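Before any comments, here is the structure.
The values are calculated or read from the model by the stated rules, or taken from the named source; none is laboratory data. This one's a predicted model, so the numbers in the text were calculated from it and none came from an experiment. Note: ideal-geometry Cβ built from the backbone for every residue, glycine included; neighbour counts use all protein chains shown. With ligands, DNA and RNA removed, areas are computed over all heavy atoms of the protein, side chains included. Shrake-Rupley method; radii C 1.70, N 1.55, O 1.52, S 1.80 Å.
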Amino acid sequence: CKEIEESLLAKEIDIAVHSLKDMESDENKKLIIGAYVKRNDFRDVIVSEKIKNISDLKNGIKIGSSSRRRELQLKKINKNINVIYIRGNIDTRINKISENDLDGIILAAAGIKSLNLDKNISFAFESNHILPAAGQGIIAVQCRRGDNVKKYLDTINDNETYLCAKAERTFLQTIGGDCDTAVGCLAEIKDNNIKLKAQLFSDNGEDSFEYEMIGERMESAEIGKTVGKKLLSLAGNKFKKK
């Protein structure tokens, strides 16, 4: 993200396309997210030949992941799951299942679907089991603040996705989190209301704190801030704000 933003600031490019969940919560003041593309599937999924449902996450099973959030969430389902650290693009990670003798890997559904690799998904987690990262499944299109290109980006902006992203990003900013913080959150809109559910893990990973709030959709940023403050209060000194 940083390298792409530097190209944008240097006027080598006019727009930047990001996966929102990979962006820093504190944005560069010279740049602006000009459009939020309609959200894709926000869920986390398992790629495996053995794991077909949540009951298959048994003692000793080995799951590959590079995410601290996913590791701690999996261990809340079963503390005896072994999470093996892996990195690489999606193809590389899928190949590591056999190379590293793993039972499966956990990834974002949106990434797999964007590459038309849906057939590899064996099981998808609903949000009551695994809350996604803030912004997961959302493509953010960034431009320079005050640039004329913004008027074109307005035409591809999805307002509901924008409001959900605003709630999730404001929540992340409030807790002082970034893409590496063990935190999950999801905003969803129904009728004129927005619901934000969030989960924050303690620094040592032994405790987790959850809270959800429903309010009017146009108050998405305020809801994000309120939920963030509530979780900081619940966590106390068990989570150190960055």
If we ask which residues in the stretch 2-29 are in contact with a strand residue (DSSP E or B) (Cβ under 6 Å, 6 or more places away or on another chain) and assigned to a loop (DSSP other than H, G, I, E, B), their number turns out to be 1
By residue number, the members of the stretch 188-237 that are in a helix (DSSP H, G or I) and either loosely packed, with under 15 Cβ neighbours inside 10 Å or among the polar types (S, T, N, Q) (or both) are MET218, SER220, THR226, LYS229, SER233, GLY236, ASN237
Within the stretch 1-32, of all residues that are touching an Asp or Glu at 6+ places or on another chain (Cβ under 7 Å) and of a type in the set (A, V, I, L, M), the one farthest from ALA221 (Cα to Cα) is ALA16
In the stretch 231-242, anything at pLDDT 95 or above and under 20 Å from the mean Cα position of the chain (by Cα) is listed as LEU231, LEU232
Counted residues in the stretch 184-206 being over 20 Å from the mean Cα position of the chain (by Cα) and not polar (S, T, N, Q) come to 3
In the stretch 116-134, anything in a loop (DSSP other than H, G, I, E, B) and either under 13 Å from CYS185 (Cα atoms) or out of contact with any strand residue (DSSP E or B) (no Cβ under 8 Å at 6 or more places or on another chain) (or both) is listed as ASN116, LEU117, GLU126, SER127, ASN128, HIS129, ILE130, LEU131, PRO132, ALA133, ALA134
Of (1) in a loop (DSSP other than H, G, I, E, B); (2) touching a strand residue (DSSP E or B) at 6+ places or on another chain (Cβ under 8 Å); (3) open to solvent by 30 Å² or more (accessible area, probe 1.4 Å), GLY137 fails just (3)
*Is there a residue being surrounded by 13 or more Cβ atoms within 10 Å (Cβ to Cβ), of a type in the set (A, V, I, L, M) and closer than 25 Å to LYS2 by Cβ anywhere in the stretch 87-96?*
yes
When the stretch 162-187 is checked residue by residue, the ones that are open to solvent by less than 10 Å² (accessible area, probe 1.4 Å) and either charged (D, E, K, R) or in a helix (DSSP H, G or I) (or both) are LEU163, ALA165, ALA167, GLU168, PHE171, ILE175
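For every residue, the table says whether it meets (1) touching a His at 6+ places or on another chain (Cβ under 6 Å); (2) farther than 30 Å from TYR152 by Cα; (3) touching a residue at least 24 places away in the same chain (Cβ under 8 Å).
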| site | (1), (2), (3) |
| --- | --- |
| THR92 | no, yes, no |
| GLU99 | no, yes, no |
| LEU102 | no, yes, yes |
| ILE112 | no, no, yes |
| LEU117 | no, yes, yes |
| SER122 | no, yes, yes |
| SER127 | no, yes, yes |
